[in-house]
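In what follows, a structure is listed as structure tokens, so that the remarks can point back to it.
The values are calculated or read from the model by the stated rules, or taken from the named source; none is laboratory data. These numbers were taken from a predicted model, which means no experiment stands behind them. Backbone-built Cβ (ideal geometry, glycine too); neighbour counts: all protein chains shown. Remember, those area values only see protein heavy atoms, side chains included, never the ligands or the DNA or RNA. Shrake-Rupley method; radii C 1.70, N 1.55, O 1.52, S 1.80 Å.
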Amino acid sequence: MIAFGPVPSRRFGSSLGINNIPPKICTYGCVYCQIGETIVKSVERRHYYGKDRVVGEVYEKLRVLEKEGIKSDYLTFVPDGEPTLDIDLGKEAEDLKETGIKTAIISNSSLLWMEDVREDLYKFDAVSLKVDAVSESLWKKMDRPHEKLKIHRILDGIRDFSSEYSGKMMTETMLVSGIDYGKEAEKIADFLREISPEISYISVPTRPPAESWVKAPEEDVINSVFQKFTDALGKRVELLISYEGNDFKTSGDPQSDILAIVSVHPMREEALHEFLRRSGRDWNLVEKLLKEEKIISVEYMGHRYFIRKMASRE
């Protein structure tokens, strides 16, 4: 399913997700990715599902949700890979404007050196850009980019985008344990001051990552980075370090909803219990999906998560 949710988003409220990239095609192989290992690493934009299918499935999902009295704050492109690899992205964004719902996209920023990618992103009401690092060594360690990508070109692309974009631009910087963020945090803060996002988020891993060693850093590390970012941006810095909650909506087909959500967004055990309660179903549905090997369970940081079984998780 291309359209899923709505899911609770710490950035976009009640967010109807749009999965416009097959699993797991990406420009990066981030160590903390909640979808798992990158299967195909690519920097080539091309057609995937096609505009008509993507837009059509979103409209159909909205019709179903309307019957249930469920509304979304945003239509958010947050797929199984990097959304800007989809060459139909700009046309999809234009067609979805007619819904009257704000559009958003969460990108890893890696293709913003391409003018056509920037032109596509100008069409969104809100754009979230990853800025995990500005130095090559940390960038390669954290994000594990495609060999053709260059960090200086990406940063220049973000600068160009920020100077022309009129919507809500935000950034996100992921922190993980075992990294010395002393000088790097200052460099990132200087870059953020330059591009001046409306808000800059600092996040830590809260769901099962691609690499088992990835954990959240110590509180003093988070606080140190927060202070450096605040010195650069003032009150436009927020922490994304807490659980987003269990407010997952159902469109009347619990099994399809679960499979669509956990393809992109691992669900905690308590969230699934609450989702099933609202749907009028019991835990037997989850046991059935586990037995059929359509989903798997993963332990992370003292919590049990459920994820769609895909090659990226095997």
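At-a-glance table
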read-out: Residue satisfying condition, being surrounded by 23 or more Cβ atoms within 10 Å (Cβ to Cβ), on the phi > 0 side of the Ramachandran plot and not charged (D, E, K, R), within set GLY17, GLY50, GLY5, GLY13; value: GLY5
read-out: Single match in TRP113, TRP139 (criterion: more than 14 Å from the chain's Cα centre (by Cα), within 27 Å of PHE226 (Cβ to Cβ), of a type in the set (Phe, Trp, Tyr) and surrounded by fewer than 24 Cβ atoms within 10 Å (Cβ to Cβ)); value: TRP139
read-out: Every pair of residues 6+ apart whose Cβ atoms lie under 8 Å, when the first sits in segment 266-277 and is within 22 Å of PRO79 (Cβ to Cβ) while the second is among the hydroxyl-bearing types (Ser, Thr, Tyr); value: PRO266/TYR305; MET267/TYR305; ARG268/TYR243; ARG268/TYR305; PHE275/THR250
read-out: Residue check for TYR32: at pLDDT 95 or above, surrounded by 15 or more Cβ atoms within 10 Å (Cβ to Cβ) and part of a loop (DSSP other than H, G, I, E, B); value: no
read-out: Single residue of ASP247, ASP253 found to be surrounded by 14 or more Cβ atoms within 10 Å (Cβ to Cβ), acidic (Asp, Glu) and either under 19 Å from the mean Cα position of the chain (by Cα) or at pLDDT below 80 (or both); value: ASP247
read-out: Test: residue in segment 202-223 that is surrounded by 18 or more Cβ atoms within 10 Å (Cβ to Cβ), of a type in the set (A, V, I, L, M, F, W, C) and modelled with pLDDT of 95 or more; value: no
read-out: Given (1) within 29 Å of ASP253 (Cβ to Cβ); (2) open to solvent by 10 Å² or more (accessible area, probe 1.4 Å); (3) part of a loop (DSSP other than H, G, I, E, B), number of the condition THR38 does not satisfy; value: (1)
read-out: Search result, residues across segment 81-130 that are among the acidic types (Asp, Glu) and closer than 16 Å to SER15 by Cα; value: ASP125
read-out: Answer residue from segment 111-152, given it is in contact with a Lys or Arg (Cβ under 7 Å, 6 or more places away or on another chain) and among the small types (Gly, Ala, Ser) and is nearest to TYR165 (Cα to Cα) among those; value: ALA126
read-out: Check on GLY81, at pLDDT below 95 and among the small types (Gly, Ala, Ser); value: yes
read-out: Segment 5-20 residues that are aromatic (Phe, Trp, Tyr) and assigned to a loop (DSSP other than H, G, I, E, B), paired with ones that are at pLDDT 85 or above and open to solvent by less than 10 Å² (accessible area, probe 1.4 Å) (beta carbon under 9 Å, 6 or more apart); value: PHE12/THR76; PHE12/ALA104; PHE12/ALA126; PHE12/SER128
read-out: Residues (of a type outside the set (Gly, Ala, Ser) and open to solvent by less than 30 Å² (accessible area, probe 1.4 Å)) located in segment 224-235; value: VAL225, PHE229, LEU233
read-out: Qualifying positions in segment 285-308 - assigned to a helix (DSSP H, G or I) and in contact with a helix residue (DSSP H, G or I) (Cβ under 9 Å, 6 or more places away or on another chain); value: LEU285, VAL286, LYS288, LEU289
read-out: Segment 281-309 - residue that is open to solvent by 20 Å² or more (accessible area, probe 1.4 Å) and among the aliphatic types (A, V, I, L, M) and, of those, modelled with the highest pLDDT; value: LEU290
